[in-house]
1. Count, please, the residues in the range 314-340 that happen to be more than 12 Å from the ligand (Cβ to nearest atom) and open to solvent by 20 Å² or more (accessible area, probe 1.4 Å).
2. Out of Q93, Q103, report the one residue that is in the same structural domain as K36 (by TED's automatic domain parsing), part of a helix (DSSP H, G or I), closer than 24 Å to A56 by Cα and among the polar types (S, T, N, Q).
3. Condition first: free of Cβ contacts under 8 Å to residues at least 12 places away in the same chain and assigned to a strand (DSSP E or B). Now tell me which residues in the range 124-139 satisfy that.
4. With respect to Q207, is the statement that it is more than 16 Å from the ligand (Cβ to nearest atom), open to solvent by 40 Å² or more (accessible area, probe 1.4 Å), touching a Ser or Thr at 6+ places or on another chain (Cβ under 7 Å) and touching a residue at least 40 places away in the same chain (Cβ under 8 Å) true?
5. Considering the range 1-43 alone, what residues qualify as being in a helix (DSSP H, G or I) and within 6 Å of the ligand (Cβ to nearest atom)?
6. Does A181 satisfy the criteria of being part of a helix (DSSP H, G or I) and either open to solvent by 20 Å² or more (accessible area, probe 1.4 Å) or not acidic (D, E) (or both)?
7. Run down A85, A114 and say which single residue is open to solvent by less than 80 Å² (accessible area, probe 1.4 Å), outside any helix (DSSP H, G or I), out of contact with any helix residue (DSSP H, G or I) (no Cβ under 7 Å at 6 or more places or on another chain) and assigned by TED's automatic domain parsing to the domain that holds P48.
8. Name the pairs whose Cβ atoms lie under 7 Å apart, with the first residue in the range 315-328 and at pLDDT below 95, the second open to solvent by 10 Å² or more (accessible area, probe 1.4 Å) and near the ligand (Cβ under 8 Å from one of its atoms), and 6 or more positions between them or separate chains?
Amino acid sequence: MEPTELAVIGAGPGGYVAALRAAQLGLKVVLIERDKTGGTCLHRGCIPSKALIHGARVFQTVQKAAEFGIELSGAPGLNYGVLAARKDKTVSQLEKGVEFLLQKRGVSVIKGDAAFHDSRSLKITAPDGSQQTLGFGYCIIATGGVPTQLPGYPLDGKVFVTSNEVLQWTALPKSIVIIGAGVIGCEFASLFARVGVSVRVIEMMPQVLPGFDGDVSREIGRALKKQGVDVLLETKIESAAVVDGRAQLMLAGIAGVPPASGSEKIDADVCIIAVGRKPETSGLKIECAGLAANAKGAIDVDEHCRTKAPGIYAIGDVTGVAPLAHVASHMGIVAAEQIAGGARGGRNLTFDKSLAPWAVFTEPEVASIGLSEEKARESGREIKAGKFSFRALGRAQATGEYEGFVKIISDAKSGALIGFHAVGSEATNLLGEAALAWTSEARVEELAETIHAHPTFPEAVGEAALAALGRGIHSL
Ligand code: FAD
């Protein structure tokens with residue numbers, strides 16, 4: 001096969017965006033994908049989960065119809081098969097859109113499994129087993145990640161499952177136990193509890209959403225309980241087995257404290273293992289390109305997404321930087337611009353992990369950027385934190401969605417922004433303003449002085465900034 005200027009391995013939101021941008025900058029690009037265009041995000045992650053989560057939201061809204069004077073002839077029911085089919089349609093439409101863009105930009109897409117032959121060529125194995133070699137000038141590794149598996153668990157795809165299987169369900173189990181109260185675990189817990197499934201979550205740490213701001217974790221912990229989720233914190237699992245077609249877990253407390261459930265054995269129709277994701281380099285033979293994975297299985301990169309092998313870049317989940325689709329895409333653009341170079345209009349961009357916004361699609365949603373209040377205090381900086389509750393917001397009262405708050409943490413002397421945290425209905429939409437403020441190095445004063453339209457949820461951003469400055473108008 002004719003050599004290419006740039007080979008991109010993996011067509012997830014990292015790889016396909018890198019390929020599109022590189023082609024736009026005039027490079028000859030080959031994109032190799034062993035599965036479907038769109039990667040985890042489109043087929044097993046962001047999009048299918050959010051399509052289902054939106055279904056739960058609509059269901060919840062309809063359940064509240066009477067509050068708004070809307071009369072229904074009976075209690076609303078949910079046909080999960082129809083919701084799942086709608087999700088599949090959304091995914092397939094988006095997949096076609098990405099394929100169309102790749103074709104129009106002149107990116108050659110090869111279906112197959114790529115492995116390094118040496119530091120300037122790949123061996124590609126097609127689904128029919130045939131092989132071809134592709135020489136490249138540059139390569140971007142964008143092979144993403146896979147669910148972390150727990151050793152000793154009977155992961156059979158039916159009773160013990162990961163997010164991959166959950167997003168393929170066409171009918172709901174009656175009861176679920178979720179191991180892990182991280183982002184994926186909490187999103188699934190909130191989704192399934194709201195559509196009537198009995199949900200338990202088991203977490204080793206003392207809070208849900210470990211690593212997030214303490215106020216955020218506590219608020220989401222309370223919201224999950226209100227939705228009927230039984231959250232067992234500081235609980236370890238001793239053993240897991242399939243018994244009579246159901247998942248059975250033996251629990252233990254931590255440090256001599258009995259398990260939070262009060263009993264040692266629990267069971268459910270299905271157990272979802274949601275303990276994180278790990279970088280995917282299996283079969284890639286990165287050693288043939290002079291690379292080695294770090295202790296976490298990830299490929300290390302610098303701020304330009306360069307690996308230590310000249311001409312070879314890595315982006316997205318495989319780098320272990322932050323497992324987020326928009327981070328993968330941003331890194332893809334950074335790498336493509338670097339590879340194109342100034343002569344072809346490529347910009348000397350860098351990637352800064354601290355600017356990455358985090359969105360969690362529980363109900364209520366979570367939005368976060370920068371440091372938690374705990375981490376900000378630990379850093380030894382003198383800080384000012386301002387918090388504004390949605391309860392005091394006109395828009396929130398009008399819609400009846402007044403759970404949550406916006407919290408802004410800033411440097412007490414310079415006013416530099418250190419942390420932004422929000423919990424609330426559609427709080428993720430507040431990240432647009434916050435991310436722009438972070439990227440443009442705005443100070444808390446600028447957020448406070450911005451004229452926020454009334455009545456909107458972003459007014460809470462201005463009020464939280466004012467509160468951090470000690471000038472809150474609608475807060476005491
Ligand atoms: P991936 O999307 O994983 O794509 C990698 C691609 O490489 C895959 O298609 C794979 O088949 C291919 N590949 C791997 N090895 C080879 C090889 N050797 N040869 C050829 N092809 C190969 N992120 C968000 O930002 N927001 C969300 O709401 C969100 N929700 C999520 C929900 C769930 C349930 C999950 C599991 C993840 C979610 N994520 C979310 C994370 C997001 O999906 C990932 O961060 C993102 O997909 C990473 O993009 P990527 O391009 O690095 O890799």
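1. If we filter the range 314-340 for residues that are more than 12 Å from the ligand (Cβ to nearest atom), which is where we start, we get 333-334, 336-340.
Next cut, open to solvent by 20 Å² or more (accessible area, probe 1.4 Å) only: 333, 338.
The qualifying residues number 2.
2. Details: Q103 fails: closer than 24 Å to A56 by Cα.
Exactly one residue qualifies, and that residue is Q93.
3. Once the filter is applied, which keeps residues that are free of Cβ contacts under 8 Å to residues at least 12 places away in the same chain and assigned to a strand (DSSP E or B), the range 124-139 yields only Q131.
4. Numbers: more than 16 Å from the ligand (Cβ to nearest atom): yes; open to solvent by 40 Å² or more (accessible area, probe 1.4 Å): yes; touching a Ser or Thr at 6+ places or on another chain (Cβ under 7 Å): yes; touching a residue at least 40 places away in the same chain (Cβ under 8 Å): no.
Spelling it out, it is not the case that Q207 is more than 16 Å from the ligand (Cβ to nearest atom), open to solvent by 40 Å² or more (accessible area, probe 1.4 Å), touching a Ser or Thr at 6+ places or on another chain (Cβ under 7 Å) and touching a residue at least 40 places away in the same chain (Cβ under 8 Å).
5. G15, G39, T40, C41
6. no
7. Numbers: A85 fails: outside any helix (DSSP H, G or I).
None of the others qualify; the one that does is A114.
8. none
The values are calculated or read from the model by the stated rules, or taken from the named source; none is laboratory data. None of these values were measured; they are calculated from a predicted model. Note that each Cβ is placed from the backbone with ideal geometry, even for glycine, and that neighbours are counted across all protein chains shown. What goes into the accessible areas is simple: the full protein's heavy atoms, side chains included, and nothing from ligands, DNA or RNA. Shrake-Rupley method; radii C 1.70, N 1.55, O 1.52, S 1.80 Å.
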